[in-house]
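Q: Once you've had a glance at the structure underneath, I'll fire off some questions.
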Amino acid sequence: MSTVQSEPRPGARRKSPADRAAEIAGAAREIALADGLAGITLRGVAARIGVTPALVSHYQPSMDVLVADTFGAIVSAEIGEVAEELAASPSTVAALGTLIDSLLGPERSPVTALWLDAWSLGRRTPALAVEVGVQMDAWQAFVSGHLRSGVAAGEFTAADPDAVAWQLLGIIDGLNAHAIVRYGHAGSLRGLVRTVAEHELGLAAGVLGSTTRTSTNSSLN
């Protein structure tokens with residue numbers, strides 16, 4: 001007789017399969033943000049929610065898939081958060097300035113750390129490698145979409161918005177990675193990314209910084 005269906009601790013409430021799966025997914029997200037993707041183990045998840053490893057394995061037989069799904073859930077949620085931040089911007093230029101400031105801000109450090117984990121662990125974990133590709137493409141499409149909107153509105157020019165989006169994300173990712181291992185944040189280097197963006201988009205020097213400040217001040221009034 002299988003024992004995985006029985007509750008492992010006295011007094012534990014039996015949960016529906018959907019509730020248990022959601023609980024496991026939630027525990028994995030908490031572990032990832034606190035300890036990194038490598039912390040998502042069978043025993044670690046089981047301990048977090050107070051069940052046996054066998055019960056976790058019953059609902060999630062592959063830790064590799066759980067790690068990939070967890071990474072994807074956290075990163076896709078961040079895109080939604082940033083999209084909400086940009087929605088209040090009065091122009092695409094202002095939105096781009098806000099985007100740069102947000103992605104290089106210290107509040108994004110926990111997710112930045114997960115990206116570093118994913119790039120490293122994905123070398124040996126096919127499921128995670130696939131999810132990393134999906135999320136990188138999603139971010140590129142998100143940034144590229146904003147650039148195309150700006151071009152269509154006549155706010156700036158870009159012969160190849162897709163390439164500019166990859167360029168900006170590559171610089172931002174690199175600066176954030178450096179900041180993580182140096183125990184700092186990349187906020188002091190926002191000007192570097194703004195300068196590159198202004199050059200690539202035919203904007204006047206300093207305009208991204210000024211629009212970001214104006215947008216921020218307006219939101220406080």
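The values are calculated or read from the model by the stated rules, or taken from the named source; none is laboratory data. All of these numbers come straight from a predicted model, not from anything done at the bench. Heads up, the Cβs are rebuilt from the backbone with ideal geometry, glycines too, and the neighbour counts pull from every protein chain shown. Just so you know, the surface numbers come from the protein's heavy atoms only, side chains and all, with ligands and any DNA or RNA stripped out. Shrake-Rupley method; radii C 1.70, N 1.55, O 1.52, S 1.80 Å.
Q: Provide the gained length on full extension for the span Ser109 to Ala38, in nm with one decimal, where the gain is 0.36 nm per separating residue minus the Cα-Cα distance. Mind dumping the intermediate values first?
A: Numbers: separation 71, 0.36 × 71 = 25.56 nm, distance 1.68 nm.
Additional length available on full extension: 23.9 nm.
Q: Which of Ala205, Ala32, Leu189 sits closest to the plus end of the dipole of the chain, meaning its Cα is farthest towards the positive end, when Lys and Arg get +1 and Asp and Glu get -1 on the C-beta?
A: So the residue we want is Ala32.
Q: Follow-up question, since we're still on this one. If you count only protein heavy atoms with a 1.4 Å probe, what accessible area per residue comes out for the stretch 10-60, rounded to a whole Å²?
A: So the stretch 10-60 comes to 52 Å² accessible per residue, rounded to a whole number.
Q: Given a 1.4 angstrom probe, what's the average accessible area per residue across the stretch 75-220, in square angstrom?
A: That works out to 49 Å² per residue.
Q: Sticking with this one: Explain nothing, just the number: dipole magnitude of the stretch 10-60 about its Cα centre with +1 on each Lys and Arg Cβ and -1 on each Asp and Glu Cβ, in debye rounded to the nearest 20.
A: 200
Q: Here's a follow-up. Taking a ≥ b ≥ c as the square roots of the eigenvalues of the Cα gyration tensor of the stretch 10-60, is the shape rounded (a/c under 1.5), prolate (a/b larger than b/c) or oblate?
A: prolate
Q: Next question, about the same structure. For the chain, which whole percent of the accessible surface, found with a 1.4 angstrom probe, sits on carbon and sulfur atoms?
A: Roughly 57 percent of what the probe reaches on the chain is carbon or sulfur.
Q: Where the only charges are on Cβ atoms (+1 Lys, Arg; -1 Asp, Glu), what is the dipole of the chain about its Cα centre, to the nearest 20 debye?
A: Taking the Cα centre of the chain as origin, the dipole is about 760 debye.
Q: Where q = 0.13, 0.18 Å⁻¹, what log10 of I(q)/I(0) comes from the Debye formula for the stretch 70-221, counting one point per Cα?
A: For the stretch 70-221 at q = 0.13, 0.18 Å⁻¹, log10 I(q)/I(0) is -0.59, -1.11.
Q: Taking each full run of DSSP H in the chain as one helix, which ones are at least 24 Å long along their axis (Cα atoms) and have mean Kyte-Doolittle hydropathy of at least 0.5?
A: Numbers: long enough: 17-35 (26 Å, 0.12); 63-87 (36 Å, 0.95); 126-152 (38 Å, 0.57); 161-181 (30 Å, 0.95).
Those that clear 24 Å and a mean of 0.5 are 63-87, 126-152, 161-181.
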